[in-house]
Amino acid sequence: MHVPPLIEDMARKFSGKLLLKSELNISEQRLNYLIKNGYILEIPSIQTKFTLHKCLRCFNMKPSYFGKIPHHPKPIIYCKQCIQMGRTSTLEPLYQWTGPKPTRHYPKNPLKWRGNLTHLQQRASTQLVKTIQQNDRLLIDAVCGAGKTEMLYEGITHAIQYNKRICLATPRSDVVKELAPRLRRDFPTIHLAALYGGSPEQDINSHLVIATTHQLLRYERSFDVMIVDEVDAFPYHHDKMLPKAVRRATKPDSATIYLTATPRFKQKWLINTNQLPTVSIPARYHGHPLPIPSKQMLFRLTKQLEDGQLPAKITQWIDTKQANRRFLLFVPTITLAEQLATKLDLPYVHAESPERHHLIQQFRTQSISALITTTILERGVTFPSIDVAVIQADHHVFDEAALIQIAGRAGRSAQDPTGDVTFFYEQTTEAVNRATTYAIRKNLEAKGRSS
Ligand SMILES: [Zn+2]
């Protein structure tokens, strides 16, 4: 069937998405033409039943998350929950493409990476390809530094060769920024879009979309293969909206793959009751064991800082670093980050800091050798040859998964596979103990698999 070029162009931009008028970015006249001829369907974004509302973009049903637009002649209700993605309201509908599907040409041999997988990585990779072939579900439970990204390559290649559109979703924008250039380098002939809040890129009929899970609120039945990285991470793990967004973005006949190093209770339950096929990778790609965290008691930190003192244990830890050894100091709060940054004369980052991306980039390129950080750098980022310390590791923000992930930042490189991980704390917590035994347990498991 011949599709007029204008319609093909629109299909490439809008197919598989739920968009606001401002996101369509086309003239009123063209929009009316597309609606009248059945290419686009207009759907109310807020459904109202009696006095209850539901936002069809973000699934919000909480009355307190809806507002009334002030000074408007009519009572207009809008959704507060997803407003940062553009406003949905009783005046502002969503638009869905109902015209022909866009054509997509798939390269036959998209993978340019020529590395080798370890036998454990290969096991996961084979299972992944099988899952994609069978439109099934799979959880890959792999320790930090197992080489998860390379494990996905055969699966991505297979999907592309079979004309399947892929989404690699992650809760964190830093991870999107880290993965996109790697995948562009290793799959140079495919169309790839990297999407996060404020990203300059657009998905125009891409083969592969790398996106934060929030961005999936703009999709519907779009992907044949959905890979959710860091499935246990905040905010995906806390927010019911995000798993729903992932499900809606996926086609009914599709494969879903979850990746994690630290399965939460829900995932453990699904694994243990055989409801979710799982493959476990207890070893790092370079074959060296996970660093075992060392524990150091550190009393009255807050009091000492208030008195203008710096605890000797922290300065000793820093002083023992060799001149070229870089490190991250994790802290639970922005206040503590500021206090330590002043005392130690070191830069610090947190989720809201304006310098965040610049400083992370400087640390990555080794322009700076140390960085104080909140949990924003706990996972998904890889820096070779670093040590890590957690200050106030007994604080409630450092749960077991966070501490395991932080410890997982050390010893990532094959050339420098060891690293110092130290937890400073005042009271022993279950999380501190569990994160320590996790490393011991996984190392034993890995040893058992290799012998
Ligand atoms: Zn909403």
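The values are calculated or read from the model by the stated rules, or taken from the named source; none is laboratory data. No experiment lies behind these values; they were computed from the predicted model shown. Neighbour counts run over all protein chains shown; Cβ positions are idealised from the backbone, glycine included.
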Quick check on this structure: which one of Tyr78, Tyr65 is crowded, with 18+ Cβ neighbours inside 10 Å and either farther than 30 Å from Gln47 by Cβ or modelled with pLDDT of 95 or more (or both)?
Tyr78
Complete set of residues in region 82-97 that are within 9 Å of the ligand (Cβ to nearest atom), surrounded by 20 or more Cβ atoms within 10 Å (Cβ to Cβ) and not β-branched (Val, Ile, Thr):
Cys82
Taking region 126-144 as the search range and keeping residues that are buried (at least 18 other Cβ atoms within 10 Å of the Cβ) and over 20 Å from the mean Cα position of the chain (by Cα), which one is farthest from Asp253 (Cα to Cα)?
Gln127
Name the pairs whose Cβ atoms lie under 8 Å apart, with the first residue in region 68-87 and of a type in the set (S, T, N, Q), the second more than 14 Å from the ligand (Cβ to nearest atom), and 6 or more positions between them or separate chains?
Gln84/Gly197
Top-ranked residue of region 284-327 - restricted to ones that are hydrophobic (A, V, I, L, M, F, W, C) and within 30 Å of Asn116 (Cβ to Cβ), ranked as surrounded by the fewest Cβ atoms within 10 Å (Cβ to Cβ)
Ile292
Report, by residue number, each residue of region 281-318 that is of a type in the set (Gly, Ala, Ser) and touching a helix residue (DSSP H, G or I) at 6+ places or on another chain (Cβ under 8 Å).
Ala283, Gly287
Return the only residue of Glu8, Glu23 being more than 19 Å from Lys244 (Cα to Cα), touching a residue at least 60 places away in the same chain (Cβ under 8 Å) and within 16 Å of the ligand (Cβ to nearest atom).
Glu23
Please verify whether Leu34 is away from the ligand (no atom under 14 Å from the Cβ) and either part of a strand (DSSP E or B) or surrounded by 14 or more Cβ atoms within 10 Å (Cβ to Cβ) (or both), treating the condition exactly as stated.
yes
If I filter region 304-320 for residues that are within 33 Å of the chain's Cα centre (by Cα), part of a loop (DSSP other than H, G, I, E, B) and at pLDDT below 90, do I get at least one hit?
no
Pro102 being within 26 Å of Tyr196 (Cα to Cα) and within 16 Å of the ligand (Cβ to nearest atom)
no
Checking the conditions here, which among Val225, Val209, Val246, Val231 is closer than 25 Å to Asn135 by Cβ and in a helix (DSSP H, G or I)?
Val246
Qualifying position, being surrounded by fewer than 22 Cβ atoms within 10 Å (Cβ to Cβ), closer than 27 Å to Glu220 by Cβ and basic (Lys, Arg), among Lys108, Lys112, Lys177
Lys177
All positions within region 69-80 that are part of a loop (DSSP other than H, G, I, E, B) and near the ligand (Cβ under 10 Å from one of its atoms)
Lys80
Sole miss for Thr48 among (1) within 14 Å of the ligand (Cβ to nearest atom); (2) surrounded by 14 or more Cβ atoms within 10 Å (Cβ to Cβ); (3) part of a strand (DSSP E or B); (4) not basic (Lys, Arg) is condition (2)
Please tell me if Arg247 is among the charged types (D, E, K, R) and within 16 Å of the ligand (Cβ to nearest atom).
no
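A quick yes/no check of all residues on (1) closer than 21 Å to Ala446 by Cβ; (2) more than 16 Å from the ligand (Cβ to nearest atom):
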| residue | (1), (2) |
| --- | --- |
| Gln215 | no, no |
| Asp224 | no, yes |
| Asp229 | no, yes |
| His237 | no, yes |
| Lys251 | no, yes |
| Ser280 | yes, yes |
Residues in region 192-206 that are over 11 Å from Arg165 (Cα atoms) and either assigned to a strand (DSSP E or B) or acidic (Asp, Glu) (or both) total 5
With the requirement that a residue be among the hydrophobic types (A, V, I, L, M, F, W, C) and in contact with a Ser or Thr (Cβ under 9 Å, 6 or more places away or on another chain), what does region 3-51 give you?
Val3, Ala11, Leu18, Leu20, Ile40, Leu41, Ile46
With Lys303, Lys268, Lys295 as the choices, which residue is touching a residue at least 12 places away in the same chain (Cβ under 8 Å) and among the charged types (D, E, K, R)?
Lys295
Select, from Ala180, Ala261, Ala245, Ala193, the only residue that is touching a Gly at 6+ places or on another chain (Cβ under 7 Å) and of a type outside the set (Asp, Glu).
Ala261
Qualifying positions in region 44-84 - among the basic types (Lys, Arg) and in contact with a Leu (Cβ under 7 Å, 6 or more places away or on another chain)
Arg57
Scanning region 51-68 for residues that are out of contact with any Cys (no Cβ under 7 Å at 6 or more places or on another chain) and within 16 Å of the ligand (Cβ to nearest atom) gives Leu52, His53, Lys54, Leu56, Phe59, Met61, Lys62, Pro63, Ser64, Gly67, Lys68
